Amino acid sequence: MRLRLKTKLVIAISAMVVALVSALSYIYVSQLLRQRIQDAYDSADFMSHQILNQAREALEVDYSNLRPDPDNPNAEREAIEESLQTDPGLNSLLQSIVGYDPTIYDAAIVDTQGRALLHTDAAMQGKPVSGFEDMGKILRGGFRQQIRVVYGPHRVYEVRLPLKRDNEPFGSIRVSVDTAFLKAQLEPQLNRTFGFAGISILVSLLLAAALSNFALRPLEAIGKRLDRMTAGEIDAAGPESPVVRSDEYGVVTHKIDRLGRQIRDVKEVFSALKENLDQIMATLQDGLMLFTHDGRVVLVSASAERFVGRPRGEMLGHMADEVFHSASQLDRLVMDAFFLHQPIAQQEIETEQGRRVQVSLDFIAEEGQPIGALLTMRDAESVRRIENEIELSRRLAAIGRLTSGVAHEVKNPINAIVVHLEILREKLQQIDPDSRRHMDIIGNEIQRLDRVVKTLVDFTRPVELRLSDLDLRQTLREVTDLAAPDAARHGVTIDMELGDDPLPVRVDIDLVKQAVLNIVINGVQAMAGGGTLGVKARRGRNAALVEIADQGPGIPPEIRDKVFNLYFTTKEKGSGIGLAMTYRVMQLHNGSIEFDSEPGGGTTFRLQLPLVEARSDTPAQEAAARS
């Protein structure tokens, strides 16, 4: 269970108070216990010194008049012991010790052999006395050892002093202390102390919890406000902002509101950047994958799926060796580069499906520290096709510039020839039929040459697009209606599949209609023995897609790169203008045209026009069309 910050702070403050009260209680009990043991020790020590002083007086009597008895060599010692035992002051002192202090158990004078010379218990006199543990050990011990004196088993300790005569050991003074007497004195007092300490700890705990809860209530309010701001329920600068206060709570709230506004702004910018990045990654034709410094995938373009063969969801967040783990040439190439930490210059490989792919891998570093890697995968065939289209556009532009100049230079001589031909006709009133026929042929050829020049001028002149919104399916129906009579004469059936989804586009209707009609007519004429011409239309990701497929002999490979060239034709009466014009119309509308053809398997042209919602602004398109 995860505790909230407020709960943790309340527990911490309460624990500190409990620890403080416990420490003070421990110090009090420890001092009380030590003091009582010290008092008992001092009392026993005082009594032992009293007995020692009284015993010394008895030992100072001169026993030199006692001559050694050969039959009793210990006569002098026995006389000294008898003197101690009969000393009235010493006996009265021993008898008064037990009544003096209730903690004193007994007192005795013991000789060097441990025999009691004098004892508070008359029955023990002359008998061996067992020793007890030194009470100074308890006094010097710790709290645990001292507390056992009160709450542990009954024991007897003693205070011992050495007794000497003529600087020779004579015996010892022993005063015993019974813990039962200490326990009787200390246990009630300690019980009251522990009870009071427990109550104090409990009260302190409750007070600390209540006070800390009250003191941290603003923190809870701040936390709730942060949660609501994070969930988007309130705005940091909205009407729900709390009243400004001058205390710490007000200062913190103000800073949190300011931080919330900054986070909101950053979040909006981040969301916009993420949306733009997602759109860019979705429309990229190249497969891009971005890795962190440890090889984890953090960014994948939509096109990368068709190169790697795995959905984006299975690649994002995974390590490189988890994504490229198969035995394919692409996977081996990428993993070898990561293992050796060597970039891959643009290298073309062939996949298992026979597709040619250009692969490059660059390691990204900042100030000498690696921060990631960028893998780029590009369809080599698409690259070549784009390069061919660019080259074709460049050629068409060059042809346009050339034809504009040629048309301008040829137009004037043609006009002069026409004028002079008419003058020559007027001057030659009598013309034989054969000469008139030759002059008519010259006139017709001049008119045909003028039409060719006019066509060149029209093709290279900037086109003013007249754009309008329409459903491309309707235009395709009109085109097939126009081509239907010619198709019937050739024995061709037009099969249309236009689908149910509308295809809204913004185009110049006449230009697009003529462009599509050119391809339909070419398809019909390619099937000399009849057949079926398929016309299909469908909605793509951001464009309307049109496919026109015939069942003719196909386009030979050696002329496929020339089919869009102006005036290139394989027909006897063809002009070579139709497909070139169609290509230009697609360019003017930001569209594209491409084809597939197999010898004996027919030809399929594919046209692509942007849908209305995916188009750029019309003024920019019109400006591009005029250039």
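The values are calculated or read from the model by the stated rules, or taken from the named source; none is laboratory data. It should be emphasised that the depicted structure is a prediction, and the values quoted were computed from it without experimental measurement. Every residue, glycine as well, gets a Cβ built from its backbone with ideal geometry; the counts of neighbours run over all protein chains shown. These accessible areas exclude ligands, DNA and RNA; they are computed on the full protein's heavy atoms, side chains included. Shrake-Rupley method; radii C 1.70, N 1.55, O 1.52, S 1.80 Å.
Test of understanding: among Val516, Val505, which residue is assigned to a helix (DSSP H, G or I), within 29 Å of Val612 (Cα to Cα) and under 52 Å from the mean Cα position of the chain (by Cα)? Steps first, please.
Details: Val505 fails: assigned to a helix (DSSP H, G or I).
Every option except Val516 fails the conditions.
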For this session: Working only within region 229-275, note down all residues that are surrounded by fewer than 14 Cβ atoms within 10 Å (Cβ to Cβ), more than 30 Å from Leu299 (Cα to Cα) and either at pLDDT 70 or above or among the β-branched types (Val, Ile, Thr) (or both).
Result: Val243, Val244, Val251, Lys255, Arg258
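Yes/no matrix, rows are residues, columns are (1) among the small types (Gly, Ala, Ser); (2) within 26 Å of Pro88 (Cα to Cα):
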site: Ala123; (1), (2): yes, yes
site: Phe132; (1), (2): no, no
site: Arg140; (1), (2): no, no
site: Val149; (1), (2): no, no
site: Arg155; (1), (2): no, no
site: Glu168; (1), (2): no, yes
site: Gly171; (1), (2): yes, yes
site: Ala180; (1), (2): yes, no
Problem set entry | Only one of Arg584, Arg606 that is surrounded by 15 or more Cβ atoms within 10 Å (Cβ to Cβ), in a helix (DSSP H, G or I) and touching a residue at least 24 places away in the same chain (Cβ under 8 Å) | Arg584
For this session: Identify the residue in region 276-320 that is within 24 Å of Pro343 (Cα to Cα) and in a helix (DSSP H, G or I) and, among all such residues, is most open to solvent (accessible area, probe 1.4 Å).
Result: Arg306
Exercise. Among Gln50, Gln35, which is the only one that is surrounded by fewer than 14 Cβ atoms within 10 Å (Cβ to Cβ), in a helix (DSSP H, G or I), at pLDDT 85 or above and of a type outside the set (Val, Ile, Thr)?
Worked result: Gln35
Exercise. How many residues does region 483-509 contain that are buried (at least 19 other Cβ atoms within 10 Å of the Cβ) and among the charged types (D, E, K, R)?
Worked result: 1
Problem set entry | Odd one out for Leu579, checked against (1) open to solvent by less than 70 Å² (accessible area, probe 1.4 Å); (2) not in a helix (DSSP H, G or I) | (2)
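For region 140-157, name all the residues that are open to solvent by less than 70 Å² (accessible area, probe 1.4 Å), of a type in the set (Phe, Trp, Tyr) and in a helix (DSSP H, G or I). Spell out how you get there, then give the answer.
To start, the set of residues in region 140-157 that are open to solvent by less than 70 Å² (accessible area, probe 1.4 Å) comprises 141-143, 145-147, 149-150, 152, 156-157.
Then drop every residue that is not of a type in the set (Phe, Trp, Tyr), which leaves 143, 157.
Hit for region 140-157 is Phe143, nothing else.
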Seminar exercise, completed: Of the residues in region 126-139, those that are in contact with a strand residue (DSSP E or B) (Cβ under 9 Å, 6 or more places away or on another chain) and surrounded by 16 or more Cβ atoms within 10 Å (Cβ to Cβ) number 4
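Being under 25 Å from the mean Cα position of the chain (by Cα), open to solvent by 40 Å² or more (accessible area, probe 1.4 Å) and of a type in the set (A, V, I, L, M) is the requirement here; does Leu340 meet it? Show your work before the answer.
Working: under 25 Å from the mean Cα position of the chain (by Cα): no; open to solvent by 40 Å² or more (accessible area, probe 1.4 Å): yes; of a type in the set (A, V, I, L, M): yes.
Judged against the criteria, Leu340 is not a match.
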Exercise. Has region 536-544 got any residue that is open to solvent by less than 20 Å² (accessible area, probe 1.4 Å), within 23 Å of Asp486 (Cα to Cα), touching a residue at least 12 places away in the same chain (Cβ under 8 Å) and in a strand (DSSP E or B)?
Worked result: yes
Exercise. Quick one: how many residues across region 448-479 are at pLDDT below 75 and part of a helix (DSSP H, G or I)?
Worked result: 13
For this session: Determine which member of the set Gln551, Gln525 is open to solvent by 30 Å² or more (accessible area, probe 1.4 Å), modelled with pLDDT of 85 or more and part of a helix (DSSP H, G or I).
Result: Gln525
